[in-house]
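Participant: Pasting a structure below so you can have a look.
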Amino acid sequence: MIRSKLGLLGFCTVVFSAMAMFASAAQGALSWLILNAPKTVATELKAALVTELDSQHITLDGEVAGLKVAITCADIDLKGAYLELGGKLTEGFKFDLLECEVYKTAPLTEKYKCTVKSAGAATGLIESGELKGELVLHTFAIHEPGHVELKEVLLKIEPKTGPTGNFKTLRFEGSECPLPEVNQLRGTLFLQDCEKSMTKHQLRHLLVPGPLTALYIGGHSAKQLEVTKMLGSFWVKLGNDGAGINHTGLDWAAMDA
C-alpha cells in the first residue's frame, strides 16, 4: 500500500494534539530486543543503527531575533549510534542534518538570503553535539470520552550534559542575512513510532518527533517552546558498523516490562 508521507506525518501530529491533555514520562525496566534470523529467539544486544528519510525533508521551525524561520534538510545521518543494554543509546552519539536550507516560514516558498551550517562544517551541514538516549514509558490521557489513560514507549534524546546543553549550533551566514550568526538549539526530543509499533519486532521503525518534545532556540521561554518544532519522519533499522557488529536484516523492538 502506498501512503502519503505528508499525510502520515499529519496523522501523527493530530493524534498528539487531540490526546495529550495529560502527559508524563517515566523510566522503567525497558530494553531493546533483537530477533534472530529464524525469528525464534529475542536477545538484548548491542547493535548499530542506520537511518533512511521517509518524509520529503526534516524541518526545524522556530523564531530567531523575532523573525520566523524554517530550516529544511534533505537527509539525516546517525553517527556512532548503537542500541545499548538497558534500553539506552550509546552515550555521545551524534546525528547530522544534510543539505539544509533556510526559509522564512511554511509553506517554504520564500528563502532568506542565508546559508546555514554548524561551526567548521560545510555549508548546509548541521552537526549535533554529543547526545544520549533512552527508552521511557509515556502516559497520556484522552480528552473524550472521559479520562482514559494510555501508555506508549518513546525514545528520549537530549544533549549528553542534559536538556540545557547544546543540541545543535545553528550558524547563519550571508552578507544580506538578517538572522543572528550563531544560535544554540537546546532541549529534549522524544521520538515515537508513528505506526505505534515500537514494541513490535520488525525490520524498521518509522520515527517522528512525539509528545513531550521541548526544543528551543536561544533563551528558554514559553514562547520559544511553543514556536520551536521539529517535523518530519525517518526510518531506523539495524546495520553494519564495519567493525564487527552487524545485525543487518534483523527485526528489533523495544520491550515494555
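Participant: Wholly within segment 215-257, which strands (runs of 3 or more DSSP E) include no fewer than the required count, namely at least 3 residues that are touching a residue at least 12 places away in the same chain (Cβ under 8 Å) and farther than 24 Å from ALA106 by Cβ? Before you say what the answer is, go through the steps one by one.
Facilitator: On the way: elements: 229-231, 234-238, 252-256.
Filter on segment 215-257 gives 234-238, 252-256.
Participant: THR72 fails exactly one of the following numbered conditions: (1) part of a helix (DSSP H, G or I); (2) among the hydroxyl-bearing types (Ser, Thr, Tyr); (3) at pLDDT 95 or above. What is the number of that condition?
Facilitator: (1)
Participant: Looking for something basic (Lys, Arg), surrounded by fewer than 21 Cβ atoms within 10 Å (Cβ to Cβ) and within 21 Å of GLU127 (Cα to Cα) - is there at least one such residue anywhere in segment 214-229?
Facilitator: So far as segment 214-229 goes, yes, one or more of its residues are basic (Lys, Arg), surrounded by fewer than 21 Cβ atoms within 10 Å (Cβ to Cβ) and within 21 Å of GLU127 (Cα to Cα).
Participant: Given the criterion in contact (Cβ under 8 Å) with a residue 40 or more places away in the chain, surrounded by fewer than 20 Cβ atoms within 10 Å (Cβ to Cβ) and farther than 21 Å from LEU49 by Cα, identify the matching residue among GLU127, GLU63. Even if it seems obvious, please write down each step before you answer.
Facilitator: Details: GLU127 fails: farther than 21 Å from LEU49 by Cα.
Among GLU127, GLU63, only GLU63 is in contact (Cβ under 8 Å) with a residue 40 or more places away in the chain, surrounded by fewer than 20 Cβ atoms within 10 Å (Cβ to Cβ) and farther than 21 Å from LEU49 by Cα.
Participant: Can you name the residue in segment 200-212 that is at pLDDT 95 or above and not in a strand (DSSP E or B) and, of all such residues, is surrounded by the most Cβ atoms within 10 Å (Cβ to Cβ)?
Facilitator: HIS201
Participant: Which residues, taken from segment 138-193, are modelled with pLDDT of 95 or more and outside any strand (DSSP E or B)?
Facilitator: LYS160, GLY174, SER175, GLU176, CYS177, PRO178, LEU179, PRO180, GLU181
Participant: Return only the number of the condition from (1) of a type in the set (Asp, Glu); (2) more than 20 Å from ASN240 (Cβ to Cβ); (3) surrounded by 14 or more Cβ atoms within 10 Å (Cβ to Cβ) that ASP77 does not satisfy.
Facilitator: Only one criterion is unmet by ASP77, namely (2).
Participant: Right, next: Check segment 166-189 and report whether any residue there is surrounded by 18 or more Cβ atoms within 10 Å (Cβ to Cβ), touching a helix residue (DSSP H, G or I) at 6+ places or on another chain (Cβ under 6 Å) and of a type in the set (Val, Ile, Thr).
Facilitator: no
Participant: Report, ordered by the first and then the second residue, all pairs with beta carbons closer than 9 Å, sequence separation of six or more or different chains, a first member in segment 149-168 that is of a type in the set (Ser, Thr, Tyr), and a second member that is surrounded by fewer than 16 Cβ atoms within 10 Å (Cβ to Cβ) and assigned to a loop (DSSP other than H, G, I, E, B).
Facilitator: Close Cβ pairs satisfying both conditions: THR161/GLU130; THR164/HIS220.
Participant: Next question. Since SER55 meets every condition but one in (1) free of Cβ contacts under 8 Å to residues at least 60 places away in the same chain; (2) of a type in the set (S, T, N, Q); (3) surrounded by fewer than 19 Cβ atoms within 10 Å (Cβ to Cβ), which condition does it not meet?
Facilitator: It fails just one condition, (1).
Participant: Going through segment 230-257 one residue at a time, which ones are surrounded by fewer than 14 Cβ atoms within 10 Å (Cβ to Cβ), at pLDDT 95 or above and either among the small types (Gly, Ala, Ser) or under 18 Å from GLY133 (Cα atoms) (or both)?
Facilitator: Answer for segment 230-257, where residues must be surrounded by fewer than 14 Cβ atoms within 10 Å (Cβ to Cβ), at pLDDT 95 or above and either among the small types (Gly, Ala, Ser) or under 18 Å from GLY133 (Cα atoms) (or both): just GLY249.
The values are calculated or read from the model by the stated rules, or taken from the named source; none is laboratory data. Values in this document were obtained by computation on a predicted structure and should not be read as measured data. Heads up, the Cβs are rebuilt from the backbone with ideal geometry, glycines too, and the neighbour counts pull from every protein chain shown.
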